[in-house]
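Okay, structure first, notes after.
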Amino acid sequence: MTLSREESNRAIITVLGRDQIGIIAWVSGRLSEYHVNIQDISQTIVNDFFTMIMVVDLKPATIELVELARTLEHEGDVKGLQVKVQHEDIFTFMHRI
Amino acid sequence: MTITFAREEIQQTLKMIQEENLDIRTITMGISLLDCGSEDIKRMEQKIYDKIVKNAGELVAVGEQISARYGIPIINKRVSVTPIAIAANHLNSEEMVRIAKVLDRAAKEIGVNFIGGFSALVHKGFTSGDLALIDAIPQALSETEFVCSSVNIGTTKTGINMDAVLKMGKVILKSAQLTAEQDGIAAAKLVVFCNAPEDNPFMAGAFHGVGEPECVINVGVSGPGVVANVVKKYPEADFGELSNLIKQTAFKITRMGELIGRAASKVLDVPFGIVDLSLAPTPAIGDSVAEILENMGLERCGTHGTTAALAMLNDAVKKGGAMASSHVGGLSGAFIPVSEDAGMVKAVEVGALSLDKLEAMTCVCSVGLDMIALPGDVSAETIAAIIADEAAIGMINKKTTAVRLIPAIGKKAGDQVEFGGLLGGAPVMAIHPFSSEMFINRGGRIPAPLISLSN
């Protein structure tokens, strides 16, 4: 038994928190440093509350998914933002048959 | 191939994990010890220790790595082994205690929080090794930290071994007495089964059955909080709609188990056994099976209607979960452990939930009378009679039933016991004051029921 699409190395980055200037600049800047390719991005602001969802590809990346998650979560924490980086399979497995 | 994700789906998954306590309850590695036998006890101890550490040495690290990769908590990493009464059948009682201590040391070395399989299967009778193991249980559990024990005393095919039932009544009492200062914690690590499954990943009843492969990964999912929130959100739904909502939710929860099981199996290079699609509560607020039943419209869990609510819940969980996994097994159903479920504890405290009602509830859900504190002056015969009742339900209904009772030494009904951690705490429950002694002391076997003649 193998993981479906095991070659996939895409992750979903979610950022939640109070809106502030430069959130996307910060995330995309960090991703570019690590050669992580952004494939899709969407963001909304409701009542000053910022939500961003990003689909990224880690194939060309110079950083492991788990390490990227740790880095962004920690840095987000300092800015008062909740950041999650999760392998896409958790979403495909839950919502797609 | 690019899959686009709906924003709502991503947010729903995050909400389930962050706010509704969705987690993987356990990754349990089953390890066969059948090749660890030796006439020399020291050699046997070494072989068992080495085999567990060799196979499961990476289990905890891999579990943490997978948890970080997918962003979902994996609460427990555990090991189950071949029932020691089979793997070490030639040993005497003192030597059995030594084996328990080896299991404990191995568990500590690899960092798992429980190791199951200090077990015997005696539904039709005892071998000498079975007797030695059962005699060793109280000392083994009171002198180890991580070892869990289980004994199967009945099956639908064979009936109930009532001599074993009485023995287990005594063993439970003695285990509690030996750990009286910790509210009888040794008894909380001991399960008495009817129709025990051989691939159950949940403690304290996990063991690696003899029909299992050399090594296997089984996964237990959780998620009562997710189901409770869905039920709460639709107060107007009729039972057909409600069942559908629970099925959809159970499907999503079980998919997480399937994902993590496959990932762990791949990284560890060990075959993936089953997903146990149980709803397993924890003492955390919002992680309660009782709360689901109350959200269905019962003022308190345990009142009239509770059995019907639980039956519907249990069935919907199975229907939704079965489709989500390639192999479902273990206990698979809703658990109703009292001390591990804040809603159950509350229901007992306000007088809504009694031992008799819990027994009725076990007819329609997974497992049985679980994590229930009894008055300290309870007799071994009364404990045995409670086990016999529960085993009878399992035997006749062709299902697993289990009993995990903790006599609270020096305490009476209404007093509080505290086990800490995932085991929680609970009020001591009242039992019937009338004796079952003569009945229990008849001995022998309750014959297999007519439904066992299915060939």
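The values are calculated or read from the model by the stated rules, or taken from the named source; none is laboratory data. The structure presented is a predicted model; accordingly, all values stated were derived computationally and were not measured. Here the Cβ is made from the backbone with ideal geometry for all residues, glycine too, and neighbour counts use every protein chain on show. Each accessible area value is taken on the protein alone, full model and side chains, heavy atoms only, with ligands, DNA and RNA left out. Shrake-Rupley method; radii C 1.70, N 1.55, O 1.52, S 1.80 Å.
Within region B:38-76, name every residue whose backbone N is under 14 Å away from a label modeled 7 Å from Cα of B:Lys101 along the Cβ vector.
Flagged as within label range: B:41-43, B:45-46.
Give me the summed buried accessible area for the B-A pair, 1.4 Å probe, to the nearest 100 Å².
Approximately 3200 Å² gets buried when B meets A.
Given a 1.4 angstrom probe, I'd like the percentage of the accessible area of chain B that is carbon and sulfur, rounded to a whole number.
Numbers: 8660 of 16830 Å².
Roughly 51 percent of what the probe reaches on chain B is carbon or sulfur.
With θ taken as phi - 60° and the coefficients 6.51, -1.76 and 1.60, list the Karplus ³J(HN,Hα) couplings across region B:300-307 in order, rounded to whole Hz; mark glycine and proline as x.
9, 4, x, 6, 4, x, 5, 5
Sequence gap at least 6, Cα distance under 8 Å: using those rules, report the relative contact order of region B:279-418 to the nearest whole percent.
Reported as a whole number, the value is 25 percent.
Go through B:Lys346, B:Lys189, B:Lys319 and list them by solvent-accessible area, largest first, probe radius 1.4 Å.
Sorted descending by solvent-accessible area, the residues read B:Lys319, B:Lys346, B:Lys189.
Given a 1.4 Å probe, how much area per residue of the protein assembly as shown is accessible, in Å²? Please report the intermediate quantities before stating the final value.
Details: 21660 Å² over 552 residues.
Ligands and nucleic acids excluded, the figure is 39 Å² per residue.
Compare B:Thr382, B:Thr26 by solvent-accessible area with a 1.4 Å probe and give them largest first, with all protein chains kept in place.
These residues rank, largest area first, as B:Thr382, B:Thr26.
In whole Hz, what ³J(HN,Hα) sequence does region B:219-224 give by Karplus (6.51, -1.76, 1.60; θ = phi - 60°), x for Gly and Pro?
Couplings: 10, x, 9, 9, x, x Hz.
Quick one: if you stick a label point 7 Å off each Cα along the C-beta vector at B:Glu359 and B:His304, how many nm between them?
The answer from the label model is 2.1 nm.
Find, among the chymotrypsin sites (Phe, Trp or Tyr not before Pro) in region B:353-444, those assigned to loop by DSSP (not H, G, I, E, B) with at most 14 other beta-carbon atoms within 10 angstrom.
Passing both the DSSP loop test and the Cβ count: B:Phe434.
What percent does the relative contact order of region B:1-156 come to when contacts are Cα pairs within less than 8 Å and at least six residues apart?
Relative contact order comes out at 24 percent.
Amide H neighbours of B:Ser222 under 5 Å, counting only residues 5+ apart in sequence or on other chains, H built in-plane at 1.01 Å?
For B:Ser222, the qualifying residues are B:Asp23, B:Arg25.
Looking at the square roots a ≥ b ≥ c of the eigenvalues of the Cα gyration tensor of chain B, which shape do they give, rounded for a/c under 1.5, prolate if a/b is larger than b/c, or oblate?
It comes out oblate by the Cα gyration axes.
Considering protein heavy atoms only and a 1.4 Å probe radius, which residues within region B:57-87 exhibit an accessible-area decrease of no less than 30 Å² in the full assembly relative to the chain by itself?
Buried on complex formation: B:Ala68, B:Arg69, B:Tyr70.
Around B:Leu166, under 15 Å between beta carbons, what's the net of Lys plus Arg minus Asp minus Glu among the other residues?
Residues close to B:Leu166 contribute a combined charge of -2.
Treat each spin label as a single point 7 Å out from the Cα along the C-beta direction, and report the B:Asn92 to B:Gln11 distance in nm.
About 6.9 nm, to one decimal.
Can you give the accessible area of B:Tyr234, probe radius 1.4 Å, in Å² rounded to 10?
100
Which is the longest part of chain A that has none of the GluC sites (Glu not before Pro) sitting in a DSSP loop with at most 12 other Cβ atoms within 10 Å?
Excluding the exposed sites themselves, the longest stretch runs over A:8-97.
Report the local net charge at B:Gly286: Lys and Arg +1, Asp and Glu -1, summed over other residues whose C-beta lies under 10 Å from its C-beta.
Around B:Gly286, the surrounding residues sum to -4.
Using alpha-carbon pairs under 8 Å, 6+ residues apart, how would you state the relative contact order of region B:366-448 in percent?
Value for region B:366-448: 38 percent.
Across region B:347-354, in residue order, what do the Karplus-derived ³J(HN,Hα) couplings come to in whole Hz, using 6.51 cos²θ - 1.76 cosθ + 1.60 with θ = phi - 60° and x for Gly and Pro?
Computed from phi, the couplings for region B:347-354 are 4, 5, 4, 8, x, 7, 10, 10 Hz.
Of all DSSP beta bridges located in the protein assembly as shown, what percent are antiparallel, nearest 5?
The antiparallel proportion sits near 60 percent.
So how much slack lies between B:Ala322 and B:Ala61, counting 0.36 nm per residue of separation and subtracting their Cα-Cα distance, in nm?
91.1 nm
Set the Förster radius R0 to 60 Å, insert the Cβ-Cβ distance between B:Asn455 and B:Gln182 as r into 1/(1 + (r/R0)^6), and round the FRET efficiency to 0.05.
Numbers: r = 47 Å, r/R0 = 0.79.
It comes to 0.80.
Considering only protein heavy atoms, what is the solvent-accessible area of A:Arg96 at a probe of 1.4 Å, reported in Å² to the nearest 10?
80
Ignoring the sites themselves, what is the longest stretch of chain B with no GluC sites (Glu not before Pro) in a DSSP loop and at most 16 other beta-carbon atoms within 10 Å?
It runs B:300-455.
Run the 1.4 Å probe and let me know the accessible area of A:Thr44, rounded to the nearest 10 Å².
50
Given points 7 Å out from each Cα along the Cα-Cβ axis, report the A:Asp48 to B:Ser128 separation in nanometres with one decimal.
7.9
So if we plug the beta-carbon distance of B:Asp40 and B:Val210 into 1/(1 + (r/R0)^6) with R0 = 22 Å, what FRET efficiency do we get, rounded to 0.05?
0.40
How tilted is helix A:65-78 with respect to the longest principal axis of chain A? Cα atoms for both, answer in degrees (0 to 90, nearest 10).
Computed tilt is about 10 degrees.
How long is the gain from B:Tyr49 to B:Asp163 if the chain were fully straight, where each residue apart is worth 0.36 nm and the alpha carbon distance is subtracted?
Full-extension gain reported as 37.8 nm.
What 222 nm value per residue comes from the helices of chain B, counting each DSSP H run with n ≥ 4 as -39,500 (n - 2.57) and dividing by all residues, nearest 500 deg cm²/dmol?
-13500 deg cm²/dmol
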